[in-house]
Structure formats: structure tokens, C-alpha cells
Amino acid sequence: MKKQTIGKQSIEFERAPHILGAASIVGKKEGEGPLGKYFDKIGEEDGLFGGKSWEEAESTLQKEAVSMALAKAGLDQQQLRLIYAGDLLAQTIASSFGILGFHTPVYGLYGACSTMGEALSLASMAVAGGYGDYVAAVTSSHFATAEKEFRFPLGYGSQRPLSATWTVTGSGACILGTEGGKARITGITTGKIVDFGFKDSLNMGACMAPAACDTIAANLVDFVRSPQDYDRIITGDLGEIGQKILFDLLKEKGFDIEKQHMDCGMEIFDKETQDTHAGGSGCGCAAATFAACILPRIQKGEWKRVLFVPTGALLSKVSYNEGRSVPGIAQAVVVEHC
């Protein structure tokens, strides 16, 4: 097999992995948003998805997403070689309990809200390298578990600044294989940790935008492409504030992506009617949006080539309480129609 690394931080696959099936499941609020008709399954008002706790509910999200994606791919769980899974919770407990019943080898991941990009990247490398015929990538988030983990108890009723985003209750899963389907992952650009010193955990768009800029610029340079070579360049959850910062930072590097750019966090909610301020966030934001409405447009040939760039803010309750800054990371995945 010939060398597949290109540039400083990218891979161009000799045999591009194919996306055989994808599925999404979200909460009621997400189902009431602009993308509601595209999701495979929408939960009830209580957000528990039949469980007894928010954490149990999030685990159910992952289980349902992988099960539906397998069904769409025409596979059963015994055919899965590997699962790459992640979430926002400490020790990735939503993933651990969510995929417990699949009895499949697992790699647990944490890249904050960029985790779906990380999962798809690693799953692609596994399939392209011959380490698994069928590999799953799945991530999730839940509004209530995230608030409990990183911010305040919901009963506290704290006010949210306009820069804040709303954590998406949802999960998205993709099944990758060596052939089949109408979309394939032709390359990836692995992100670096970028820290501009921002400390405001309620303005994650500003914290993540420098990392998104770094990864997008690296992808364009490594693949010798311009923004026009992509039908869309889609970030995960920068929101309105992060989007403006991203545009400015990329223009300083000589790239203008305004015509191609789309942000999952800005698409999944209607900020005017749903009071979500800067937009949506969470591991489930990019994952569910990708599975529900980005991938189908690639499969139909409406978009021939897309750069999917989930973004993550790498903070924890420990680092925040110690007064540390919030570094960011972004993982880019090149998805093309086939």
C-alpha cells in the first residue's frame, strides 16, 4: 500500500471508505427546529427516552442511533468489527453504557463537540487500513447531562448570555465499509489543539473558532484546494459569534469561505423562536445534523464534495474551576458523492 499521508496533517485514502448507513435521533426541542423532518426519530417531552435518568437517556440515544444505522446498512451487530464512540460526560459513560449490549470491540473517544469528526476519521483509517470490514462511528450529547456536568443544576435557573449555545439532545451514527453506498470519505485532516487564551466557557464559539481556522486552512493547503473546491465547508457548532471570528481569521490567511460555509449549530435551531441564543452545540449537534441532512444531500449528488469539520472546546469542570483557558480542536473529514 502506498503512502497516504499528504501535507503536514492530512491523509488521502488510496481506497476511500464508504458510508453504508447513517441514523439520527434527537429530543423534542430539536425535532421542533428547522431540521425536524429529517431526523429518524424524535423523543418525547420529558427527554428521558424511557430511562430513569438523563445519563441513561443519553446512552439510549447512542444505542438507538447505532441500531438504526446498522438496519439502514442492511447489517446486523455481529458484523461490526469496531465501534468508535464518544460523548461529553466524564469517563464517557454515555458511550460505555450505550453500546454495552453490542458486544463489539470499542474505542472510547473524547474530543468534546468535535468527537464525531474524530470518530469518522479513526473509523475511516480502520476500514482503509484493512482493520475492519464494517466499523461504526457514533457520538451523543444531552442538554440536561451537559448542564449537570459543566454548568449549573437545571433547577438553579441561571441566565444564559447571548454568546451561549444550547447543547443538543441527540445522537448520530454512521456505518463505514469498504464498498457500497453513495458517499465515501476520501480524506481527513487531523486537528491540532489551538489555544488563544479565551476563558469564557459560555462563549465556546470564540474558543473553538481559532482551531476551526487552523484545521480548515491546513486542509486547503495539504490538498492544494481552494474553498471553491468544496460545495460546503461545514463546521460543528461555532454559532453566530464563532462563525464571524472564523471568517476573519481565515481571511487573514488568504481564504474566504463565506459562500461555502454552513454551521450545524446554526442550522439545527431557530434562534428567534426557540431561544437558543448563538445556536446549538454538543457532540450530538454535528453528528445528528450530518446523518440527517448533510449526508443525504451528498448521497443524492446535490453536493459532490463537502468538508465536514466538527469543532470542540477542550475544557472540563476541573480546568474551568482552576481558571484555565479553553483550548479548541477541529477534525476535518472530506466526504464525496460516489
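The values are calculated or read from the model by the stated rules, or taken from the named source; none is laboratory data. Everything numeric in this text was worked out from a predicted model, so none of it was measured. Here the Cβ positions follow ideal geometry from the backbone for every residue, glycine too, while neighbour counts run over all protein chains shown.
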Inset, instruction - Spot the failing condition for T186; the list is (1) buried (at least 24 other Cβ atoms within 10 Å of the Cβ); (2) more than 30 Å from F49 (Cα to Cα), and only one is missed. - result: (1)
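Residues are listed down the side, and each one gets a yes or a no for (1) closer than 26 Å to T276 by Cα; (2) assigned by TED's automatic domain parsing to the domain that holds M116; (3) in a loop (DSSP other than H, G, I, E, B):
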{"site": "F196", "(1), (2), (3)": "yes, no, yes"}
{"site": "D200", "(1), (2), (3)": "yes, no, yes"}
{"site": "C207", "(1), (2), (3)": "yes, no, no"}
{"site": "D214", "(1), (2), (3)": "no, no, no"}
{"site": "R225", "(1), (2), (3)": "no, no, yes"}
{"site": "Q228", "(1), (2), (3)": "no, no, no"}
{"site": "K244", "(1), (2), (3)": "yes, no, no"}
{"site": "G254", "(1), (2), (3)": "no, no, yes"}
Legend entry - L202, sole failed condition from (1) touching a helix residue (DSSP H, G or I) at 6+ places or on another chain (Cβ under 7 Å); (2) hydrophobic (A, V, I, L, M, F, W, C); (3) closer than 17 Å to T165 by Cα: (1)
Legend entry - Among residues of the stretch 216-244, those that are within 21 Å of the chain's Cα centre (by Cα), more than 16 Å from N203 (Cβ to Cβ) and not hydrophobic (A, V, I, L, M, F, W, C), counted: 5
Legend entry - Test set (1) charged (D, E, K, R); (2) within 16 Å of the chain's Cα centre (by Cα); (3) part of a strand (DSSP E or B) - R184 fails condition number: (2)
Inset, instruction - Could you please let me know if P296 is over 30 Å from E149 (Cβ atoms) and either in contact with a helix residue (DSSP H, G or I) (Cβ under 8 Å, 6 or more places away or on another chain) or of a type in the set (A, V, I, L, M) (or both)? - result: yes
Legend entry - Unique match (being surrounded by fewer than 23 Cβ atoms within 10 Å (Cβ to Cβ), at pLDDT 95 or above and over 24 Å from R305 (Cα atoms)) among L82, L35, L48: L82
Inset, instruction - Residue by residue through the stretch 199-247, note down the ones that are in contact with a Phe, Trp or Tyr (Cβ under 8 Å, 6 or more places away or on another chain) and of a type in the set (A, V, I, L, M). - result: A206, I216, A217, L220, I234
Inset, instruction - Look through the stretch 1-21, keep the residues that are crowded, with 20+ Cβ neighbours inside 10 Å and either in contact with a Phe, Trp or Tyr (Cβ under 8 Å, 6 or more places away or on another chain) or polar (S, T, N, Q) (or both), and return whichever of them is nearest to T189 (Cα to Cα). - result: S10
Legend entry - Residue satisfying all of: in the stretch 203-238; over 15 Å from Q9 (Cα atoms) and of a type in the set (A, V, I, L, M, F, W, C); modelled with the lowest pLDDT among these: M204
Inset, instruction - Under 9 Å between Cβ atoms, at least 6 apart or on separate chains: pull out the pairs that start in the stretch 22-42 with a residue that is closer than 25 Å to I185 by Cβ and end on any residue that is part of a helix (DSSP H, G or I) and among the basic types (K, R). - result: A22/K72; A23/K72; D40/K72
Inset, instruction - Could you check the stretch 257-338 for strands (runs of 3 or more DSSP E) lying wholly inside it with 3 or more residues that are of a type outside the set (D, E) and under 13 Å from the mean Cα position of the chain (by Cα)? - result: 305-309, 311-313
Inset, instruction - Inspect the stretch 262-277 for any residue being surrounded by fewer than 24 Cβ atoms within 10 Å (Cβ to Cβ), more than 30 Å from A144 (Cβ to Cβ) and either modelled with pLDDT under 95 or not aromatic (F, W, Y) (or both) and give the result as yes or no. - result: no
Inset, instruction - Answer yes or no: is there a residue in the stretch 239-248 that is β-branched (V, I, T), free of Cβ contacts under 8 Å to residues at least 60 places away in the same chain and surrounded by fewer than 24 Cβ atoms within 10 Å (Cβ to Cβ). - result: yes
Inset, instruction - State all residues of the stretch 278-312 that are surrounded by fewer than 24 Cβ atoms within 10 Å (Cβ to Cβ) and closer than 13 Å to C174 by Cβ; if no residue qualifies, say none. - result: P296, Q299
Inset, instruction - Go through the stretch 280-318 and count every residue that is out of contact with any strand residue (DSSP E or B) (no Cβ under 7 Å at 6 or more places or on another chain) and at pLDDT below 90. - result: 4
